Structures are given as C-alpha cells and as structure tokens.
Amino acid sequence: MRYIKLILLIIMVSVSSAGAQNLAKTATTAAQFLKIGVSPRAIGMGGAFTATSDDVSSMYWNPAGIAQNYSRSAYFNHVEWFADVQLDFAGVTSHIPGLGTVGMFISVLTMDEMLVRTIEQPEGTGEYFSAGGLTAGISYARNLTDNFSIGFNAKYVTEYIWNESASGVAFDIGTMYKIPILNEFRLAASISNFGTKMQLDGRDIITLKQIGTSTGNLINTDLEMEAYDLPLLFRVGVAADLIKMDKNVLTVAIDAVHPNDHYEYLNTGIEYTWNEMLSLRGGYKSLFEVDSEQGLTLGVGLNYRLLSTIRVQIDYAYQDFGRLTEVHYLGMGVKF
C-alpha cells in the first residue's frame, strides 16, 4: 500500500500542476531536444511507454523500467528528424545481483553546418556555424518488491549554437507497480528533466560600447541573456497484456503527459508479439494536444537469438508529423 500511495502522490502532483496551467508556454524552455523520444519500439507504440518500459531505452521514458532487465544490454537509436536534424542515442545497462540495475547513456543532436548571414552580407560571409546538443547520464533502478520498482537518472545537459553554449544538470525519477490482473496490469509514473536553468554564454554575446562622447573609449560589454527552465515532463501511464499465451502477446498502453511548456496530451499504443521474435506496433501520439502536428505511429521489431545467451534486437518506427513531413527511427540492441 505504501508503494501505491507513492504512485498516487506523483499522479496528484502531476494533475494539480496541469490544472494550474491555463496558457501554453511554448518557447519558454531550453534544450528542446530532450523532448525528442528515443527507441523505435516506444515511438511505434505512440510514445505510450511509461508503463511498458523494460529495456535500455527505459532510461529515457521511465528509469524504473531497467529494473526489469536482468541481463547486460546495449542499445543504439538513430532518429532522422525533420529539417536535416539527427538525434543519436546509445545506452548500456547491467544487472548487479543484490544491488539492482545500473546504466549509462548519451544522446547527441547534430545538424548540417549553415552559412553565417548578416544584414550587410545576406548571401553569407563565407563563414559557417553549427548548432546541436548533448545529454549524458547514469541510471540506477531496483525492485523494492516483486511488484514495485523505482529508478533514477542523473544527467548533464548542454546545447550550443555558433560560439555560444549553455549547460545544466537534471534528474529523472520513475516508478512502476505491477498488478496481477488481465495477465499483467502495470501502473507507472515518471518525472523527467527536473533541474537547473540554462543560460547561453560565449563570445558571440560580447559587444562594443562607447563611453562618453564620440571620441570616448570603447569597452567590451556582455549582453544579458535570459535563463530558461528545462522542459519538465510529468508522465502517468497504464499498460496491460490483454493476451499472454505461449507464442502470442498483445499489449495495450496509454500515457497522460503534462509538459511545463505546452498543453497536456495523451499517447496511446498497441504491440503484438509473436513467438518473442516478431513485433508489430501502432499508436497515436499527442492525442488532444492543441496545435499539434504529431499523430499516427507505426513500427516493427525483430528479436533474434544468435546464440543461447545472445539476442539481437532490430526496430523501426514511422511517425507522421503532418505538415512537417514524416520522421523515421531506427534502433539496434543486443542482450548478453
């Protein structure tokens, strides 16, 4: 009962925070790449993965999920975002008997270089600049009982553009509770990106200011840059294995998501797995979100045993982004 009360408390905090938000706060947070989901499996299920998390990518969605991973695992994910932006994620986990499961991850956002343009030289100065971001962290999770698990992330976040950069530190926490009904019913909650503000700094913000008359001295001055919060996300999810037989497993899931910089929305998804080898997935992302371009997601996965102790996992997902075109996700993992 104590664990159920803890989950309910997290849910109530999320709901009360959601009720206090009347207006969207779009473009009021930094490090927006933290909101790009990883794992084709999760995206194929419409991002409804909080209560389904049980692999390496759980470190992104709900760190409590890696407590279900009792082997050593590695996973790599590549996202072809729109506007020639790419996101790459890599993570590893290892179970330590008597202690729990530990993990490490890194996620890197990159894009092609762009011309430096000014009012005087709108066609370009001949210089190029780049922009991107990075987050890296460590995870820890364990099963407190046979049915209840909890997990934590600590991570470093940075983003840059030209000669400016900003950095911060963030923490994630997640819980998952299993109820032995409908084969297995799971209730989960997570809070992601709770941390410091981020403020750009660098030589690009230095300007020359004249003191006194037109013949006065010129001194270097720094423009005052505003500090922004990280994109905090509250997730509450439920999932159930409606069918769980020898060769057939059918899982349905739904997540309620409350961001601190936009309206609330729902993610829904379904996954069918045959013989623990082939998986088909479908979902709908950002349901009921105001002014959203996200929607239908589809995915497929192959889980193949190479040797008695080694399994290879390959996943693909497609996400419809409306007027912004589609996004493709590709992932590969190994358990040993």
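One table, with the values for the structure above:
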{"quantity": "Hits in the range 46-82 - residues which are surrounded by fewer than 24 Cβ atoms within 10 Å (Cβ to Cβ), within 21 Å of residue 299 (Cα to Cα), out of contact with any Ser or Thr (no Cβ under 6 Å at 6 or more places or on another chain) and touching a residue at least 40 places away in the same chain (Cβ under 8 Å)", "calculated": "74, 76, 78, 80, 81"}
{"quantity": "Qualifying residues in the range 123-150 (those that are of a type outside the set (A, V, I, L, M) and within 15 Å of the chain's Cα centre (by Cα)) - the one surrounded by the most Cβ atoms within 10 Å (Cβ to Cβ)", "calculated": "139"}
{"quantity": "Count of residues meeting criterion [touching a residue at least 24 places away in the same chain (Cβ under 8 Å) and of a type in the set (Val, Ile, Thr)] in the range 83-126", "calculated": "9"}
{"quantity": "Residue within the range 100-119 that is more than 22 Å from the chain's Cα centre (by Cα), surrounded by fewer than 21 Cβ atoms within 10 Å (Cβ to Cβ) and at pLDDT 95 or above present", "calculated": "yes"}
{"quantity": "Residues being among the charged types (D, E, K, R) and under 17 Å from residue 178 (Cα atoms) - total across the range 55-93", "calculated": "1"}
{"quantity": "Residue that is nearest to the chain's Cα centre (by Cα) [pool: residues in the range 45-92 that are closer than 14 Å to residue 174 by Cβ and of a type in the set (Ser, Thr, Tyr)]", "calculated": "60"}
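The values are calculated or read from the model by the stated rules, or taken from the named source; none is laboratory data. Note that the structure is predicted; figures quoted are calculated from it, not measured. Counting neighbours? That spans all protein chains shown, and the Cβs are built from the backbone with ideal geometry, glycine included.
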